[in-house]
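Notes to accompany the following structure.
The values are calculated or read from the model by the stated rules, or taken from the named source; none is laboratory data. Model, not experiment: these values are computed from the prediction. Every residue, glycine as well, gets a Cβ built from its backbone with ideal geometry; the counts of neighbours run over all protein chains shown.
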Amino acid sequence: MKSTDDLLQTVVKAIDAKHGEDIEALDMQNVSLLADYFVIASGGSSRQVQAIAREVKEAVTEAGYPIDHIEGFDKAQWILLDLGEVMVHLFDEESRDFYHLERLWYDAKVVDLTDQLGQ
């Protein structure tokens, strides 16, 4: 059986593969009922944000995980991929600065992604 941690790792590696910027994962298990993890990242342009979303979708599907819902793909200012236990938030730089989800969920523990990034 595949674990939520494996899904998180799949998502983070997919974002990193498309050069997503400022990748963060928040452990939401004791903070929110929405998901176990929020992954937040940004891209330098709407095209890059869309490319990151496509890569995440492909990697998650290949790994055998379901995708519940995708929102915001066409505008690509804030793309949300609902993967059930993991919610992926991909922003253009301006929208990320504006919404600043990390501040909104300040009480969530930041997950150490050192092992998943830059490999």
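List every residue pair whose Cβ atoms lie under 6 Å apart, where the two residues are 6 or more positions apart in sequence or sit on different chains, the first residue falls within region 94-117 and is under 24 Å from Gln77 (Cβ atoms), and the second residue, located anywhere, is at pLDDT below 90 and of a type in the set (A, V, I, L, M).
Ala108/Val31
Where the second residue is buried (at least 17 other Cβ atoms within 10 Å of the Cβ) and assigned to a loop (DSSP other than H, G, I, E, B) and the first is of a type in the set (D, E, K, R) and lies in region 1-17, which pairs have Cβ atoms under 6 Å and are six or more apart or on separate chains?
Lys13/Gln116
Checking the condition acidic (Asp, Glu) and under 14 Å from Gly20 (Cα atoms), which residue from Glu55, Glu62, Glu71 passes?
Glu55
The conditions are (1) over 9 Å from the mean Cα position of the chain (by Cα); (2) aliphatic (A, V, I, L, M); (3) under 20 Å from Thr61 (Cβ atoms), and Leu34 fails exactly one of them. Which is it?
Single failed check for Leu34: (3).
Can you name the residue in region 12-43 that is among the aliphatic types (A, V, I, L, M) and more than 21 Å from Tyr99 (Cα to Cα) and, of all such residues, is surrounded by the most Cβ atoms within 10 Å (Cβ to Cβ)? Can you show your working first?
Our first condition is that a residue be among the aliphatic types (A, V, I, L, M); within region 12-43, this holds for 12, 14-15, 17, 23, 25-26, 28, 31, 33-35, 39-41.
Now restrict to residues that are more than 21 Å from Tyr99 (Cα to Cα): 14, 17.
On the way: Ala14: 24, Ala17: 14.
The qualifying residue surrounded by the most Cβ atoms within 10 Å (Cβ to Cβ) is Ala14.
Just checking, how many residues over region 76-107 are crowded, with 20+ Cβ neighbours inside 10 Å and either within 12 Å of the chain's Cα centre (by Cα) or not in a helix (DSSP H, G or I) (or both)?
Matching residues across region 76-107 total 11.
For region 44-53, what are the residues that are more than 12 Å from the chain's Cα centre (by Cα) and surrounded by 14 or more Cβ atoms within 10 Å (Cβ to Cβ)?
Ser46, Gln48, Gln50, Ala51
Among the residues of region 54-75, which ones are free of Cβ contacts under 8 Å to residues at least 24 places away in the same chain, among the β-branched types (Val, Ile, Thr) and surrounded by 15 or more Cβ atoms within 10 Å (Cβ to Cβ)?
Across region 54-75, the qualifying residue is only Ile70.
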